[in-house]
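The values are calculated or read from the model by the stated rules, or taken from the named source; none is laboratory data. Being a predicted model, the structure only gives us computed values, none of them experimental. Every residue, glycine among them, receives a Cβ derived from its backbone with ideal geometry; neighbour counts consider all protein chains shown. Ligands, DNA and RNA are stripped out before the accessible areas are found, and what is left, the full protein with its side chains, is counted by its heavy atoms. Shrake-Rupley method; radii C 1.70, N 1.55, O 1.52, S 1.80 Å.
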Amino acid sequence: MNDIRNILLPLNGNGDIDAALQLGLLYAKHFKAHLSAVTIGDDPNETAALAGEGLSGSMINEMMAAAEHESQRRLLQVHLKFDNFVREHNVANRRNALPSDLPPNGQVSASLETLTGSEHEAVTWRARLADMTLMPHLAKNDDARASETLHAVLFDSGRPLVIAPPKPPVHFGRRICIAWNGTAEAAAALRSVLPWARHAETVQVLTSPEYHRRGPEAEKVLAYLSLHGVEASVRTFQSKDRDVGAGMMEACYDLGADMLAMGAYSHSRLRQMIIGGVTRHVLEKSTISVLMSR
């Protein structure tokens with residue numbers, strides 16, 4: 001069974017676009033899916049709203065003009081990079097259209113569309129009609145909108161989110177770790193990762209007494225996976241320097257995993273932003289692909 005036919009790929013100049021494009025191509029080839037890339041033009045009115053009081057009308061107009069110029073420059077860069085990528089990899093460029101059928105002979109198809117409006121709303125709405133969303137890894141110098149859009153997709157799209165690694169991968173999904181803590185969020189990630197897990201060489205369910213919440217134990221997950229044709233094992237990991245997220249990532253690296261699936265924000269996002277948490281650690285520190293679900 002193949003659940004992946006349409007992959008949404010937001011490209012707005014944030015994060016490592018090269019890594020996201022390369023991983024998107026690998027996914028599209030493997031799942032015989034369409035790669036729906038989108039970018040979003042900035043709304044000059046947002047610049048005016050952020051300008052605040054104490055500025056003259058002419059100063060605000062200058063700021064809006066500068067923001068519009070920067071937006072057009074960034075959009076042009078994304079379009080050029082996308083066009084070069086699809087041409088280099090022999091991808092059928094569908095030009096702003098989601099096809100009702102896929103190209104013959106297994107050729108990958110892709111499209112790039114420029115959306116308008118609020119970035120996090122435009123991407124989230126489009127994500128609701130995709131089978132998954134693939135987003136670049138958040139870099140330290142990305143603006144706040146990149147994080148806002150990522151979290152909007154995670155919380156409001158109803159679809160799985162995959163975050164690309166910082167560097168372009170050579171392969172994917174050979175060794176998969178599934179973080180399990182018994183929660184509804186972990187269950188959503190478990191279901192979402194099945195299309196990858198079915199083709200993996202090794203699947204390992206990660207559990208920890210410090211990470212587990214009220215819910216089924218990790219051993220029960222093995223029977224569920226087996227019903228879907230996936231053989232897996234359980235590994236209990238320990239926190240590292242009192243950091244559960246660091247311990248989880250160390251377990252992934254010990255396995256040589258190239259993908260981690262996990263439920264996001266079992267605790268509230270506000271709590272994790274203030275005192276830290278597993279989701280926050282993985283978002284900031286992971287060097288492999290991460291599938292997150294809510």
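Can you tell me which residue among Thr133, Thr124 is at pLDDT 90 or above, among the hydroxyl-bearing types (Ser, Thr, Tyr) and assigned to a helix (DSSP H, G or I)?
Criteria check complete, one pass: Thr124.
Residues are listed down the side, and each one gets a yes or a no for (1) at pLDDT below 65; (2) open to solvent by less than 30 Å² (accessible area, probe 1.4 Å); (3) over 23 Å from the mean Cα position of the chain (by Cα):
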position: Met63; (1), (2), (3): yes, no, yes
position: Asn90; (1), (2), (3): no, no, yes
position: Asn105; (1), (2), (3): no, no, yes
position: Leu115; (1), (2), (3): no, yes, no
position: Leu129; (1), (2), (3): no, no, no
position: Leu138; (1), (2), (3): no, no, no
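Can you pull out every residue in segment 242-268 that is in contact with a Lys or Arg (Cβ under 8 Å, 6 or more places away or on another chain) and either open to solvent by 50 Å² or more (accessible area, probe 1.4 Å) or not assigned by the TED database to the domain that holds Ala186 (or both)?
Glu250 - this is the single residue of segment 242-268 that is in contact with a Lys or Arg (Cβ under 8 Å, 6 or more places away or on another chain) and either open to solvent by 50 Å² or more (accessible area, probe 1.4 Å) or not assigned by the TED database to the domain that holds Ala186 (or both).
How do the strands (runs of 3 or more DSSP E) wholly within segment 142-241 filter down when requiring 1 or more residues that are among the hydroxyl-bearing types (Ser, Thr, Tyr) and open to solvent by 50 Å² or more (accessible area, probe 1.4 Å): which remain?
It comes to 233-236.
Does Val170 meet the test of being in contact (Cβ under 8 Å) with a residue 12 or more places away in the chain and either touching a helix residue (DSSP H, G or I) at 6+ places or on another chain (Cβ under 8 Å) or not small (Gly, Ala, Ser) (or both)?
So Val170 does not fit the description; no.
Among Trp196, Trp180, which is out of contact with any Leu (no Cβ under 6 Å at 6 or more places or on another chain), within 19 Å of Asp3 (Cβ to Cβ), assigned by the TED database to the domain that holds Ala218 and touching a residue at least 12 places away in the same chain (Cβ under 8 Å)?
Trp196
Go through (1) under 24 Å from Lys32 (Cα atoms); (2) in contact with a Ser or Thr (Cβ under 7 Å, 6 or more places away or on another chain); (3) among the hydroxyl-bearing types (Ser, Thr, Tyr) for Ser208 and report which single condition fails.
Going through (1) under 24 Å from Lys32 (Cα atoms); (2) in contact with a Ser or Thr (Cβ under 7 Å, 6 or more places away or on another chain); (3) among the hydroxyl-bearing types (Ser, Thr, Tyr) one by one, Ser208 breaks only (1).
With (1) modelled with pLDDT of 85 or more; (2) in contact with a helix residue (DSSP H, G or I) (Cβ under 9 Å, 6 or more places away or on another chain); (3) among the polar types (S, T, N, Q) as the list, and Thr47 as the residue in question, which single condition is left unmet?
Against the list (1) modelled with pLDDT of 85 or more; (2) in contact with a helix residue (DSSP H, G or I) (Cβ under 9 Å, 6 or more places away or on another chain); (3) among the polar types (S, T, N, Q), Thr47 comes up short only on (1).
Please work out which residue is nearest to Asp83 (Cα to Cα), limiting yourself to segment 106-120 and to residues that are assigned to a strand (DSSP E or B) and of a type outside the set (A, V, I, L, M, F, W, C).
That would be Ser111.
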